[in-house]
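The values are calculated or read from the model by the stated rules, or taken from the named source; none is laboratory data. Note that the structure is a prediction, hence the values are computed from the model and not measured. Here the Cβ positions follow ideal geometry from the backbone for every residue, glycine too, while neighbour counts run over all protein chains shown. These accessible areas exclude ligands, DNA and RNA; they are computed on the full protein's heavy atoms, side chains included. Shrake-Rupley method; radii C 1.70, N 1.55, O 1.52, S 1.80 Å.
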Amino acid sequence: MGEMETAPKPGRDVPPKKDKLQTKRKAQDPFPGPAPVPVEVVQKFCRIDKSRKLPRSKAKTRSRLEVAEAEEEETSIKAARSELLLAEEPGFLEGEDGEDTAKICQADIVEAVDIASAAKHFDLNLRQFGPYRLNYSRTGRHLAFGGRRGHVAALDWVTKKLMCEINVMEAVRDIRFLHSEALLAVAQNRWLHIYDNQGIELHCIRRCDRVTRLEFLPFHFLLATASETGFLTYLDVSVGKIVAALNARAGRLDVMSQNPYNAVIHLGHSNGTVSLWSPAMKEPLAKILCHRGGVRAVAVDSTGTYMATSGLDHQLKIFDLRGTYQPLSTRTLPHGAGHLAFSQRGLLVAGMGDVVNIWAGQGKGSPPSLEQPYLTHRLSGPVHGLQFCPFEDVLGVGHSGGVTSMLVPGAGEPNFDGLESNPYRSRKQRQEWEVKALLEKVPAELICLDPRALAEVDVISLEQGKKERIERLGYDPQGYDPEAKAPFQPKPKQKGRSSTASLVKRKRKVMDEEHRDKVRQSLQQQQQQQQQKEAKAKSTGARPSALDRFVR
Amino acid sequence: MKVKMLSRNPDNYVRETKLDLQRVPRNYDPTLHPFEVPREYVRALNATKLERVFAKPFLASLDGHRDGVNCLAKHPKNLATILSGACDGEVRIWNLTQRNCIRTIQAHEGFVRGICTRFCGTSFFTVGDDKTVKQWKMDGPGYGEEEEPLHTILGKTVYTGIDHHWKEAVFATCGQQVDIWDEQRTNPICSMTWGFDSISSVKFNPVETFLLGSCASDRNIVLYDMRQATPLKKVILDMRTNTICWNPMEAFIFTAANEDYNLYTFDMRALDTPVMVHMDHVSAVLDVDYSPTGKEFVSASFDKSIRIFPVDKSRSREVYHTKRMQHVICVKWTSDSKYIMCGSDEMNIRLWKANASEKLGVLTSREKAAKDYNQKLKEKFQHYPHIKRIARHRHLPKSIYSQIQEQRIMKEARRRKEVNRIKHSKPGSVPIVSEKKKHIVAVVK
């Protein structure tokens, strides 16, 4: 008997043994099912606001919407799971045992980090050609700076390879890269000039005169210029046309910033207001009263949630842009901040005189807390330009002594998307990207406060369509309100039967008829209600009380 | 002090050799991809415009018949073979890939009224004005042999249509009555009739293979059950139906091509209301055929155009016309759902693409991905006014265009009259009849 059990019979197959092992393994799996995904990450990828109610629609549409919503949930879970594949981690700087990070100087940081990062800190001493304004290209690989006395240069700051260096023989007020590192826009004393990255002047745009500030809207290919004459001009650089020249009616425009989330231009004025502009409208989209004196600097963070402003009243305020437009936090600065900038991860830098202060928040979504600065640095001259380098932990400062590149751990977004802005792109990749970007250039008319407005159901057109259908057919074949009727319009007749008096008489007749119907209906309802009351009164045959006279 | 700077190793981001692919790291965070909706909208607009740019559906015209093409049939096993019968009694077999005629048979004296292939693909049947039903071999006659039918059946009356069973060796002809024949016998196994008028076409149901439908001259469509050898029910419409076609995917759905310029999709189980009324033609609809996917069908009309309709919509998604194509008598959708063939009055058979802007041939994986993406974009943004306007735009010949305007004015006038009648009479005295039910006169079981 024992033999038969132990020796495997020829007809019998081996699986029974395996099955036991398999079941053992299954029983031991401590994490059955798919891996859990943190809820906040899933929230980040959710695009449907389920609390919004849609206007009543047909059953087919509603079922399709339900299917789409279920798909969207699944997709956001998958996208949240794909976050596991992101390779890089953001930088950080922590003091030990109550050490204040603001007291750590750049030299200490340079000593403590690796060689490659240490090389990112450099100082260009250019005292001869005046205070400098600077701009990083969208990928963060190239830097362009322009000095007040006409010195313009563009270089790849990582490899320190100079692309061009020229003197434009005129005062340079602002400098910006256009969509890629191939083109530069320089706001010179008289007009706006466009240069190639080899220093060749391509265009001189005389319609934009006395420009003080430039902003480039990358997805619309629009260059916004604010001028001393009080005009905000939008120039489409792909076609070469001026899309809109708006008169801001607020005097000299000195303070300008763009909201990267919705491509709205924020202008700061000397009466303490910040106005929001879109090229589609002649009037500002909104005006926010920020300061008691003039506004000196405006900056908006990359998600479009917070706006930081500083004014002549030495206040630095952070406003909530998506919702209430109210100040979230305020701080009094000893010296007014003339320049503000946000980093990709929500760090705020303020340039006050020759000192820069950087404030950090708790995480990516929260506003920077203005209590304690995260880092500070003193430069060799007053600050004239500030920008965080995209995708790097570096802050570029243009001042009267030249250009400085500071290390700010935790400022840059660690994981870029190769198809949007890739600092390591080759020439071919750049060309492909440029063609695709030009093909999907967003028309300027679509700029508004909510960039997702195009995805909303157009309720106004729906209702207008309904009205037109009722007019044409007398009833709405796609509607669900059988009672809805178009107002009666008497048909015009010939031979004097269409005089005002007879029209009025005809209208009166129809109105009286409808009125009579309504009265009849309401009488019927009243009778029914009476009967119900009597039935109720009869059913409650309790003792009459003195309070019964108040029963309705 | 604990410090770490973001530093990337270029080796992880730049390719090693020129022969490698470029590395493209992805981050799907929505903050890195602003303006999603406007950019997708612009992409959808571009996709719609490109679709119109690449919409070149006409492929080939098969020349050879000496009289108008009256009927077409598909080979059940071979995609490249089609058979056509002309009004002078000639039957031709064509090869679509080489676009030439491989065989010609003088089948009948007078019109070839109907042609159908056997389900195995070895033979086909034709009926003609000379009151005969002939069965022919699909392969040509051997060397030294004459072109002769395998089998000839002489009837007493003219047969106007023929269809073969999808699984058994049985076929049905129609003329004065519907006859079911066994291939081995010379007499029909049963004859069914309901009504006194001639029957113009008969079709077997591909899914429930014992069901047949037929269209008669007294404006009715009759459904028969072969097992019980009786008619099941009939629906009487306003005007005569020319042909019907069963949906190859849905067992009980069929579409009827009617003389009142419309097509009606019926569910056999509830014949009192059509599932959908398809209105877009401006003249009588002569033939209809379903796509093998069961989601669309093509209709041929006496106005010189063919239209492709989705099953669940009442408007056509596509219209094909040519200056040289006159009244289209018959149309077929090939079994790979990619091509449409139509035979017309002027002796030509034309081959069209079912999706006008489709690229034929093998697509690379990137092309497929781009095509799928564009398709989804167009579907997502199809209701936006600018995109709808571009997607819907078709060039129409002047005759059809002016007819559409005229008929729209007439329909509006009729509708206004009805609305006024309802408005000015006692509520409830004039019944509001939906558009679908208007065209059905009666259903008889």
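Residues B:Met341, B:Met226, ordered by accessible area of protein heavy atoms at a 1.4 angstrom probe radius and largest first, appear as B:Met226, B:Met341. Amide H contacts for B:Ser123 (H built 1.01 Å from N in the peptide plane; partners 5 or more residues away or on another chain; cut-off under 5 Å): B:Arg118, B:Met138.
Accessible area per residue of region B:250-360 at 1.4 Å probe, in Å²? Show your work: numbers first, answer last.
Details: 3670 Å² over 111 residues.
Heavy-atom SASA per residue in region B:250-360 reads 33 Å².
Among the chymotrypsin sites (Phe, Trp or Tyr not before Pro) in region A:294-384, none sits in a DSSP loop with a Cβ that has at most 14 other Cβ atoms within 10 Å. Taking chymotrypsin sites (Phe, Trp or Tyr not before Pro) in DSSP loop states with no more than 13 other Cβ atoms inside 10 Å as exposed sites, chain B has its longest site-free stretch at B:197-445. Each part gets one Cα centre, and for region B:258-314 versus region A:401-470 those centres are 44 Å apart.
For A:Glu445, the accessible surface of its heavy atoms amounts to roughly 130 Å² (probe 1.4 Å, protein chains only, rounded to the nearest 10).
Give the carbon-plus-sulfur fraction of the accessible surface of region B:172-328 in %, rounded to a whole number; probe 1.4 Å, heavy atoms of protein chains only.
Numbers: 2840 of 5730 Å².
Carbon with sulfur: 50 percent of the solvent-accessible area.
Phi-derived couplings, Karplus 6.51 cos²θ - 1.76 cosθ + 1.60 at θ = phi - 60°, listed residue by residue for region A:104-119: 6, 9, 4, 4, 5, 5, 4, 5, 7, 9, 6, 4, 4, 6, 5, 5 Hz, with x used for Gly and Pro.
Going by accessible area, probe 1.4 Å, with all protein chains left in place, what is the ranking of A:Met256, B:Met249, largest first? List each step's numbers first, then the result.
Values: A:Met256 15, B:Met249 120 Å².
Putting A:Met256, B:Met249 in descending order of accessible area: B:Met249, A:Met256.
Burial here means at least 30 square angstrom less accessible surface with every protein chain in place than with the chain by itself, probed at 1.4 Å; in region B:1-22 the buried residues are B:Met1, B:Lys2, B:Val3, B:Lys4, B:Met5, B:Leu6, B:Ser7, B:Arg8, B:Tyr13, B:Gln22. Which one of B:Val362, B:Val158, B:Val275 has the biggest mean-square fluctuation once chain B is modelled by GNM with Cα springs under 10 Å? Evaluated over chain B, the most mobile residue of the options is B:Val362. The mean sequence separation of alpha-carbon pairs under 8 Å and at least six residues apart, normalised by the residue count of region A:101-417, gives a relative contact order of 14 percent.
Per-residue ellipticity at 222 nm, computed for the protein assembly as shown from helices alone with -39500 (n - 2.57) per DSSP H run of at least four residues, works out to -6500 deg cm²/dmol.
Can you bin chain A into rounded, prolate or oblate? Criterion: square roots of the alpha carbon gyration tensor eigenvalues sorted a ≥ b ≥ c, rounded for a/c under 1.5, prolate for a/b above b/c, oblate for the rest.
On the way: a/c = 2.10, a/b = 1.31, b/c = 1.61.
Judged from the Cα gyration tensor, chain A comes out oblate (a/c at least 1.5, b/c at or above a/b).
Burial of accessible area (probe 1.4 Å, heavy atoms of protein chains only) in region B:28-51, relative to its chain alone, reaches at least 40 Å² for B:Tyr28, B:Asp29, B:Pro30, B:Thr31, B:Leu32, B:Pro34, B:Phe35, B:Glu36, B:Val37, B:Pro38, B:Arg39, B:Val42. For the chain pair B and A, buried accessible area totals roughly 4900 Å², probe 1.4 Å, rounded to the nearest 100.
Region A:281-302 and region B:1-75 have Cα centres separated by 40 Å.
Quick check: convex hull over the Cα atoms of region A:55-132, volume per residue in Å³, rounded to an integer?
Hull volume over Cα atoms, normalised by residue count, gives 304 Å³.
Could you sort out which of A:Lys441/B:Lys359; A:Lys518/B:Lys426; A:Lys317/B:Lys4; B:Lys313/B:Lys398; B:Lys295/B:Lys378; B:Lys313/B:Lys388 sit more than 20 Å apart by Cα distance in this structure? Listed pairs above 20 Å: A:Lys441/B:Lys359; A:Lys317/B:Lys4; B:Lys313/B:Lys398.
How would region B:279-420 be classified by its alpha-carbon gyration tensor: rounded, prolate or oblate, with rounded meaning a/c under 1.5 and the a/b versus b/c comparison settling the rest?
On the way: a/c = 2.09, a/b = 1.26, b/c = 1.66.
Here region B:279-420 falls in the oblate category.
Compare A:Ser329, A:Ser539 by solvent-accessible area with a 1.4 Å probe and give them largest first, with all protein chains kept in place.
Numbers: A:Ser329 35, A:Ser539 85 Å².
Per-residue accessible area, sorted high to low, gives A:Ser539, A:Ser329.
Amide H to amide H distances under 5 Å link B:Phe297 with B:Ser291, B:Phe309, B:Val311, where only residues 5 or more positions off or on other chains count and H is placed in the peptide plane. What region A:101-417 shows is 37 Å² of accessible area per residue, with the surface traced by a 1.4 Å probe over protein heavy atoms. Taking θ as phi - 60° and the Karplus parameters 6.51, -1.76 and 1.60, the scalar couplings of region B:57-68 work out to x, 6, 10, 7, 10, 9, 9, x, 5, 9, 8, x Hz in sequence order, x denoting glycine and proline.
Computed 3J(HN,Hα) for region B:430-445, one whole-Hz value per residue from the Karplus formula 6.51 cos²θ - 1.76 cosθ + 1.60 where θ = phi - 60°, is 9, x, 8, 9, 5, 4, 5, 7, 4, 8, 9, 8, 7, 10, 10, 9, glycine and proline marked x.
How much of the accessible area of region A:72-156, probe 1.4 Å, is carbon plus sulfur, in whole percent?
Details: 2300 of 4400 Å².
C and S atoms contribute 52 percent here.
Explain nothing, just the number: relative contact order of chain B, from Cα pairs under 8 Å at least 6 residues apart, as a whole percent. It comes to 13 percent, rounded to a whole number. When the Cα gyration tensor is reduced to axis lengths a ≥ b ≥ c, the ratio a/c is 1.5 or higher for region B:58-353, and with a/b not above b/c it is classed as oblate.
For region A:226-301, the list of trypsin sites (Lys or Arg not before Pro) that fall in a loop by DSSP and count at most 16 other C-beta atoms within 10 angstrom reads A:Arg249, A:Arg252, A:Lys282, A:Arg292.
When both region A:220-255 and region B:387-445 are represented by their alpha-carbon centers, they are found 52 Å apart. Where in region A:374-420 does accessible area fall by at least 40 Å² between the isolated chain and the complete protein assembly, at a 1.4 Å probe radius? SASA drop of 40 Å² or more in region A:374-420: A:Asp393, A:Phe416, A:Asp417, A:Leu419, A:Glu420.
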